[in-house]
Amino acid sequence: MIIVLKPGIARKQETSILREIRKLGYKPHVMHGVARTVIGAIGDELTHQSLETLAGVFPEIVESVIPVQKRYKLVSREAHPEASTIQVREHVIGGKKFHVMAGPCSVEGEKQLLQTAEAVKAAGATILRGGAFKPRTSPYEFQGLGEKGLKLLAKARRETGLAVITELLSEQHAELVAEYTDIIQIGARNSQNYQLLIAAAKTGKPILLKRGLSMKIEEWLLAGEYVLANENANLMFCERGIRTFETYTRNTLDLSTIPIIKQESHCPIVIDPSQGAGRADLVKAMCKGAVAMGADALLIEVHPNPAEAWSDGAQQVTPEIFAELMRELRPLIAAAGRE
Ligand code: PEP
Ligand code: MN
């Protein structure tokens, strides 16, 4: 923390602030500047009371208290004032071009996947999504096709030229999933599985990190720090809704994360309106909001026959609705200064 003292503070007042800082468990380093005095306070903020209250407690002495070192150091804007861009094959995420990742919740079979891939590509998506390893709430529900699903994604990529994103569920599959995908998705249920984050980071593939079901933004940023701290700078955050008291929606999509992540971090922010509300009828509106608020990309579930989907049927849109959505998004993307 940096404690900035008001100009013209007497030595006696300075001494009393130094005493206070030591009392709170921090080691003060005094820097006497030309115009004013600044004190750097080093200490563990987890085990000591925050110094941020000093300005309120000593308004006649302390001008401001500025945290200098975010706990998420590499992820923070302080560390990297320019927005980062992420190269995914020939695409750049976080730059001028707005990207849409779309496809089924789960890869169910060749026909379903290829049909969806072709439709989303024709509508303007650049990246195909599809789960091969599925994190299902019940062990009796469809768990994904596993490696067979990965092979189908690779086939869809060959046939359409779309890049691919798929979820990594377990450390033991990190190399396998990395072999087939262009982006590794870390799901909401695993976003604080730090060993998995490290294994994913070490593959070198771009990582899309979903926000956990009840994850604070700071915890999310710190989870992202695990990726950057493990030599992988290609991180995107993905807001997919959080658990609240509301029952009209499956989750509450927190669009405030778009400006917050932009302020706090240099990493791109992606919005998933599908898990975000769990309702196909809300997808269009939430996508529009996300684009207008400055999101870098969308992750949307599209299924040729949502009523018969093997997972998340209620929230998947048809290829027809998806094409309509892409048309309706165009003027908003332009208004947001993107292409
Ligand atoms: C998904 O993308 O299908 C999924 C399971 O996402 P989440 O981890 O956000 O629930
Ligand atoms: Mn899903």
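Just so it is clear, none of the values below were taken in a lab; they were calculated from the coordinates. If you're wondering where the values come from, they're calculated on a predicted model, not measured in any experiment. Cβ placement follows ideal geometry from the backbone for every residue including glycine, while neighbour counts extend to all protein chains displayed.
Points worth noting:
- Modelled FRET efficiency - R0 30 Å, ASN305 with ALA83, Cβ distances, 0.05 increments: 0.20
- Most fluctuating residue given options THR137, THR181, THR126, as computed from a GNM of the chain linking Cα atoms under 10 Å: THR137
- In a simple Cβ point-charge model (Lys, Arg +1; Asp, Glu -1; nothing else charged), the chain has a dipole of about 640 debye relative to its Cα centre.
- Once both labels are positioned 7 Å from their Cα atoms along Cα-to-Cβ, the gap between ARG158 and ASN230 label points is 3.0 nm.
- Taking each residue as 0.36 nm, the span from LYS73 to LEU114 lengthens on full extension beyond its C-alpha to C-alpha distance by 10.6 nm.
- GNM top mover of TYR226, TYR26, TYR194 - the chain, alpha-carbon springs below 10 Å: TYR26
- The angle between the Cα long axis of helix 147-160 and the main principal axis of the chain comes to about 80°, on a 0 to 90 degree scale.
- Projecting the alpha carbon convex hull of the chain along each direction and taking the average yields 19.5 nm².
- Here's how it looks for GLU63: its modeled amide H is under 5 Å from those of VAL4, LEU5, LYS6, which are all 5 or more places away or on a different chain.
- Reachable aspartates and glutamates, given that their alpha-carbon falls under 20 Å from the alpha-carbon of LYS70 and they are not under 8 places away in the same chain: ASP44, GLU45, GLU52, GLU78, GLU82, GLU218, GLU219, GLU225, GLU231, GLU264
- Straight-distance candidates among the lysines for linking to LYS97, with alpha-carbon spacing under 24 Å and chain neighbours fewer than 8 residues away dropped: LYS121, LYS205, LYS210, LYS262, LYS284, LYS288.
- Fluctuation leader among LEU51, LEU128, LEU325 - the chain, Gaussian network, Cα springs under 10 angstrom: LEU51
- A Förster radius of 25 Å, combined with the Cβ-Cβ distance separating GLU320 from MET293, puts the computed FRET efficiency at roughly 0.45.
- Between GLU45 and LYS151, the contour length at 0.36 nm per residue exceeds the Cα-Cα span by 33.4 nm.
- Gain on full stretching of the segment that runs from ARG327 to GLN192 - 0.36 nm per residue minus C-alpha separation: 45.0 nm
- A helix-only calculation puts the chain at -10500 deg cm²/dmol for mean residue ellipticity at 222 nm, using -39500 (n - 2.57) for each DSSP H run of at least four residues, averaged over all residues.
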